[in-house]
Amino acid sequence: MSDFENAIEIKGVTKKYDGFTLNNISFSVPKGSIMGFIGQNGSGKSTTIKAILGIIGIDSGEITIMGRDHLKEEYDLKEDIAAVFDELPFHDSLNAKQISTIMRGMFRNWDKKTFFQYLERFGLPQKKPCGKFSKGMRMKLQIAVALSHGAKLLIMDEATTGLDPVVRNEILDIFFEYLQDENKSILMSSHITSDLERIADCITLIDNGEILLSDYKDSVLEHHAVIKCSKADYAGMDKADYISARVTDFGAEVMVSDKEKMHQKYPKLMIEPTTLEEIMLFYVNRRKKEWS
């Protein structure tokens, strides 16, 4: 049994760019879980992931991976981390057999047998240049590579974007299998909140470089709700009671983060369950407070 509780711990991390700042962010990915990392384009998801992987430096803060400093022990940690990105990181002329040879030279625990089993399972050719693969095939190839060197942490950055539902389902099933080992963990950024609603244990929401929410998914969905009411009822609500409100000619939809408290305060109003997609939408519009 490993002696760390969190696969990833981010404490007070700041990274300043011209026009964008990752602003003092903190969150953890519990060991043995899938953390869904959500937010709109440009919110800071990829910047955070690049910082975790040591691809970019940080201005301040601390990142530990499996209880170890992400930079001081970077070389050894790379053996235990697999990263999957939206774009294939291999040259278009390479085929799967050649990629296996390259990976064997990079990872001490490269398992050629496991890799070729994944190729067979995914229906991927061994000798066809990967540049001729479809988007779905390219993603399956990346995942086959990621899962063939004994990595304990899988980091996915928008990896299922643009894939058809059948391929996405197949990939999500693979992740379920991967997590049967309770020492393995996944950080998965995605726009497709329905996928995360299905498989994630935890959710972290980032917007404009700030963490707005980080908790167990079931708790997030249990406490958040949408109040649907008339404009008159909405006008009578205390602004401190809600995150933001979508107002139309027909009435208002109001996102709240304490369903029980709001039910007691506004007993006559209709309170309905919500989704991760709605939660993200209402939080992103929190500064406007009212939108349509």
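Out of all the residues in region 52-75, is one or more outside any strand (DSSP E or B), closer than 30 Å to M137 by Cβ and touching an Asp or Glu at 6+ places or on another chain (Cβ under 7 Å)? Break it down into steps so the answer makes sense when it comes.
Keep residues of region 52-75 that are outside any strand (DSSP E or B), which gives 52-59, 66-67, 70-75.
Going one step further and asking which of them are closer than 30 Å to M137 by Cβ, we end up with 52-56.
Still in the list and also touching an Asp or Glu at 6+ places or on another chain (Cβ under 7 Å): 54.
Yes, the conditions are met somewhere in region 52-75.
Within region 157-184, work out how many residues are outside any helix (DSSP H, G or I) and under 21 Å from S33 (Cβ atoms). So that I can check it myself, show each step before the final result.
Filtering region 157-184 for residues outside any helix (DSSP H, G or I) gives 157-164, 179-184.
Pick out the ones that are also under 21 Å from S33 (Cβ atoms) and you get 157-160, 179-184.
The total comes to 10.
Could you list all residues from region 164-176 that are over 15 Å from A144 (Cβ atoms) and crowded, with 19+ Cβ neighbours inside 10 Å? Quick ask: steps written out before the conclusion?
As a first pass, look at region 164-176 and keep what is over 15 Å from A144 (Cβ atoms): 164-166, 168-169, 172, 176.
The one that is over 15 Å from A144 (Cβ atoms) and crowded, with 19+ Cβ neighbours inside 10 Å: R168.
Could you identify the single residue in K261, K289, K228 that is in contact with a strand residue (DSSP E or B) (Cβ under 8 Å, 6 or more places away or on another chain), on the phi < 0 side of the Ramachandran plot and not polar (S, T, N, Q)?
K228
Residue pairs, Cβ under 8 Å, 6 or more apart or interchain, first in region 74-103 and charged (D, E, K, R), second open to solvent by less than 40 Å² (accessible area, probe 1.4 Å) and part of a helix (DSSP H, G or I). List them.
From residues that are charged (D, E, K, R), the pairs are D92/C130; D92/G131.
Buried (at least 19 other Cβ atoms within 10 Å of the Cβ) and either of a type outside the set (S, T, Y) or modelled with pLDDT under 90 (or both): which single residue out of L179, L141 fits that description?
Sole residue among the options that is buried (at least 19 other Cβ atoms within 10 Å of the Cβ) and either of a type outside the set (S, T, Y) or modelled with pLDDT under 90 (or both): L141.
For D233, only one of the following conditions fails: (1) in a helix (DSSP H, G or I); (2) under 29 Å from S28 (Cα atoms); (3) acidic (D, E). What is its number?
(2)
I want to confirm something. Restricting to region 58-96 and keeping residues that are within 14 Å of the chain's Cα centre (by Cα) and more than 19 Å from P30 (Cα to Cα), which single residue is least open to solvent (accessible area, probe 1.4 Å)?
V84
Is it true that I8 is assigned to a helix (DSSP H, G or I) and out of contact with any Pro (no Cβ under 7 Å at 6 or more places or on another chain)?
no
Of the conditions (1) surrounded by 21 or more Cβ atoms within 10 Å (Cβ to Cβ); (2) touching a helix residue (DSSP H, G or I) at 6+ places or on another chain (Cβ under 6 Å), K112 clears all except one; give me its number.
(1) is the only condition that K112 fails.
What's the number of the only condition in (1) surrounded by fewer than 19 Cβ atoms within 10 Å (Cβ to Cβ); (2) part of a loop (DSSP other than H, G, I, E, B); (3) of a type outside the set (A, V, I, L, M, F, W, C); (4) in contact (Cβ under 8 Å) with a residue 40 or more places away in the chain that S148 fails to meet?
Only one criterion is unmet by S148, namely (1).
Go through region 158-174 and give me each residue that's more than 17 Å from E120 (Cα to Cα) and touching a helix residue (DSSP H, G or I) at 6+ places or on another chain (Cβ under 7 Å).
Result: A159, T160, G162, L163, D164, R168, L172.
Can you name the residue in region 247-292 that is among the β-branched types (V, I, T), outside any helix (DSSP H, G or I) and surrounded by 14 or more Cβ atoms within 10 Å (Cβ to Cβ) and, of all such residues, is nearest to the chain's Cα centre (by Cα)?
Looking at residues that are among the β-branched types (V, I, T), outside any helix (DSSP H, G or I) and surrounded by 14 or more Cβ atoms within 10 Å (Cβ to Cβ), I get T275.
Out of (1) touching a helix residue (DSSP H, G or I) at 6+ places or on another chain (Cβ under 8 Å); (2) within 30 Å of F20 (Cα to Cα), what's the single condition that is false for S214?
Going through (1) touching a helix residue (DSSP H, G or I) at 6+ places or on another chain (Cβ under 8 Å); (2) within 30 Å of F20 (Cα to Cα) one by one, S214 breaks only (1).
Can you name every residue in region 37-57 that is farther than 17 Å from N208 by Cα and open to solvent by 10 Å² or more (accessible area, probe 1.4 Å)?
First, the residues of region 37-57 that are farther than 17 Å from N208 by Cα: 52-57.
Within region 37-57, L53, G54, I55, I56, G57 qualify.
The values are calculated or read from the model by the stated rules, or taken from the named source; none is laboratory data. Note that the structure is a prediction, hence the values are computed from the model and not measured. With ideal geometry, Cβ positions are generated from the backbone for all residues, glycine too; neighbour counts draw on all protein chains shown. Note: areas computed on protein heavy atoms with side chains; ligands, DNA, RNA excluded. Shrake-Rupley method; radii C 1.70, N 1.55, O 1.52, S 1.80 Å.
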